[in-house]
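Reviewing the structure listed below.
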Amino acid sequence: MLEERDFPEIPGELMPDSIAHEVKQQVARLLNRRRLEFPGSQPVSFEAKHIRENLEGRDYFVCEKSDGLRCLMLCILDPNGEEAVFLITRENQYFRIPHLHFPLPEDENSCHNGTIIDGELVLSKRPTDGVKELRYLMFDCLTLNGKNIVTRPLDKRLGYLSEQFYKPYFKLREHHPKECEDFPFKLSLKNMHFSYKIPKVFENLKYLGHISDGLIFTCRETPYVFGTDPTLLKWKPSEENTIDFKLHLNIPLYTDLDLDERDPYRSYPNYDVKPGFELLVWDGKDQYSNFSELAIGDEEWEKLKSLEEPLEERIVECHKDKEDNWRLLRFRDDKANGNHATVVQRVLESIRDGVTKEDLIKESPTIERSWKQRELNRKSRHQQFQQHQSPHTQQQPSQHIPNGAPPSKKRPQEDDELLPTYEEEDDDSEDNEEHESKKPRTE
């Protein structure tokens, strides 16, 4: 049955192709790329093998998967030297967002120039009154004020995002609440947890003001990947494991037997009966191929007709029911194409594997033991390295420094060494939904 879910709309102006092309070139330069397509990382569907091969074999962060509009946020200066903020959709459309200001840490009147953030735009209910508001949930950072950080590990990228972008923004809102009321959306950092804390993530879902339809597992050790990232894992419960198709209506023909067989108008489309609903899978470029039929009951067909909207060639998000039929969940007018055939195959494998919430919770202690063992191994290797280096350091002869010679310079610390690494915090930021929903309410 067609599900009625509110979908966030971008509160900005879509840039014409000429301007969008110039901004795309700026993004490519910031990321040291030649290609101009959407650079966001794309996950793969979770399969049973990922528990052993990924979650038990490497360090991962886990967070809830928000059901919203995936966007990159770009903060630059426009040709007039004015602060410009854009949201970039998966379709590589650029929307300029007005009335936003993101200061640098040292000066609230300064602004970012060359910052790219990954996140999700959602409609979130305020816990105080239930009013829905736009909120941008940030979960990664690609560049920070012109500095490319995609090769840094995840916890360092999150450290940059927290210290140099989110905290100055939150401080601005604290000091100037009235001036920030015109901001078209609020910002939050997604709560990231060590992968073995899966039960905690599930428990915290009830505090969210927005819809969540699964979990995202992001590898702590790997760089940010443009396009499909085989280490970035998307888990959904079976009822939420969906595929986006293009819809084609097979409208039956009616033949008027009273007309001559040679009459070109003897057969014509019969719009009075329910058509067949064909699901097409995207093969790349402009190519689509038949995949399956969409099951639409008579009552659902009447509801679709009552919408008085075109149905042909729309992108539809579908899931499988208990009878193994494909069912319409919702329209995805935010997408120009359905899922690629390779993505469809991975989702089908994920559906067949059927990893459940209970399976993940059951595996959490094993994931934790593997994580702790890796920590011990790292500490042991570090201690062995220090012990190996120490005798050599002591045996080095003292060097005679001539009078007037400048002292030898120490290697300057890298920015990463000075920057705090992202770590879990028990107390959520007061601007995060989970924290707001956990507050005791006063009548």
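Is the C-alpha gyration tensor of region 230-301 telling us rounded, prolate or oblate? Criteria: a/c under 1.5 is rounded; beyond that, a/b larger than b/c is prolate, otherwise oblate. Can you show the working numbers first?
On the way: a/c = 6.21, a/b = 2.27, b/c = 2.74.
Cα axes put region 230-301 in the oblate bin.
Can you tell which of Leu360, Leu144, Leu158 shows the greatest fluctuation in a Gaussian network model of the chain with Cα springs below 10 Å?
Looking only at Leu360, Leu144, Leu158, the biggest GNM fluctuation is shown by Leu360.
Write down the percent of antiparallel bridges among all DSSP beta bridges whose residues are both part of region 200-352, to the nearest 5.
Values: 26 of 28 bridges.
Looking only at bridges with both residues in region 200-352, the antiparallel portion is about 95 percent.
Ignoring ligands and nucleic acids, what accessible area does Glu313 show with a 1.4 Å probe (Å², nearest 10)?
Probe radius 1.4 Å; accessible area of Glu313 about 110 Å².
For Rg and Dmax of the Cα atoms in Å, pick the label among (i) 21.6, 74; (ii) 26.6, 116; (iii) 25.3, 85 that corresponds to the value derived from the coordinates.
(ii)
Considering only protein heavy atoms, what per residue accessible area in square angstrom results for the chain with a 1.4 angstrom probe? Don't jump to the answer; show the numbers that get you there.
Values: 24730 Å² over 443 residues.
Ligands and nucleic acids excluded, the result is 56 Å² per residue.
How many angstrom lie between the C-alpha centres of region 1-64 and region 166-235?
14
Between Met192, Met15, Met138, which gets the highest mean-square fluctuation from a Gaussian network model of the chain, Cα cutoff 10 Å?
Met15
Where is the GNM fluctuation largest for the chain (alpha-carbon springs, 10 angstrom cutoff): Asn92, Asn145, Asn32?
Answer for the Gaussian network model of the chain: Asn32.
Based on the Cβ-Cβ distance from Thr356 to Asn80, what FRET efficiency comes out when R0 is 60 Å, to the nearest 0.05? All intermediate terms of the calculation are to be shown ahead of the outcome.
Details: r = 54 Å, r/R0 = 0.90.
The calculated FRET efficiency here is 0.65.
Which lysines have a Cα lying under 26 Å from the Cα of Lys171, excluding residues fewer than 8 positions away in the same chain?
Lys125, Lys132, Lys147, Lys156, Lys186, Lys190, Lys438, Lys439
Rounded to the nearest 20 debye, what is the charge dipole size of region 194-300 about its Cα centre when +1 sits on each Lys and Arg Cβ and -1 on each Asp and Glu Cβ? Walk me through the numbers on the way to the answer.
Details: 11 positive and 20 negative charges, 219 e Å.
Dipole about the Cα centre, nearest 20: 1060 debye.
Could you give the length gained on full extension between Glu261 and Leu307, defined as 0.36 nm per residue of separation minus the Cα-Cα distance, in nm?
Details: separation 46, 0.36 × 46 = 16.56 nm, distance 3.69 nm.
That pair, Glu261 and Leu307, stretches by 12.9 nm at full extension.
Tell me the chymotrypsin sites (Phe, Trp or Tyr not before Pro) within region 227-315 that lie in a loop according to DSSP and have at most 15 other beta-carbon atoms within 10 Å.
Values: sites: Trp235, Phe245, Tyr254, Tyr265, Tyr271, Phe277, Trp282, Tyr288, Phe291, Trp301; in loops: Tyr265, Tyr271.
Within region 227-315, the qualifying chymotrypsin sites (Phe, Trp or Tyr not before Pro) (loop, at most 15 other Cβ atoms within 10 Å) are Tyr265, Tyr271.
With +1 assigned to the C-beta of every Lys and Arg and -1 to the C-beta of every Asp and Glu, and no other charges, what is the dipole magnitude of the chain about the Cα centre in debye, to the nearest 20?
Numbers: 63 positive and 86 negative charges, 538 e Å.
Approximately 2580 debye in magnitude.
Could you let me know the centre-to-centre spacing of region 278-315 and region 70-101, using Cα atoms, in angstrom?
Between the Cα centre of region 278-315 and that of region 70-101, the gap is 33 Å.
Given a 1.4 angstrom probe, I'd like the percentage of the accessible area of region 114-228 that is carbon and sulfur, rounded to a whole number. Mind dumping the intermediate values first?
On the way: 2190 of 4240 Å².
Summing carbon and sulfur atoms, their accessible area is 52 percent of the total for region 114-228.
The values are calculated or read from the model by the stated rules, or taken from the named source; none is laboratory data. Remember, it's a predicted structure, so these values are computed and weren't measured experimentally. So basically every Cβ, Gly included, is an ideal-geometry build from the backbone, and we count neighbours across all protein chains shown. Ligands, DNA and RNA are stripped out before the accessible areas are found, and what is left, the full protein with its side chains, is counted by its heavy atoms. Shrake-Rupley method; radii C 1.70, N 1.55, O 1.52, S 1.80 Å.
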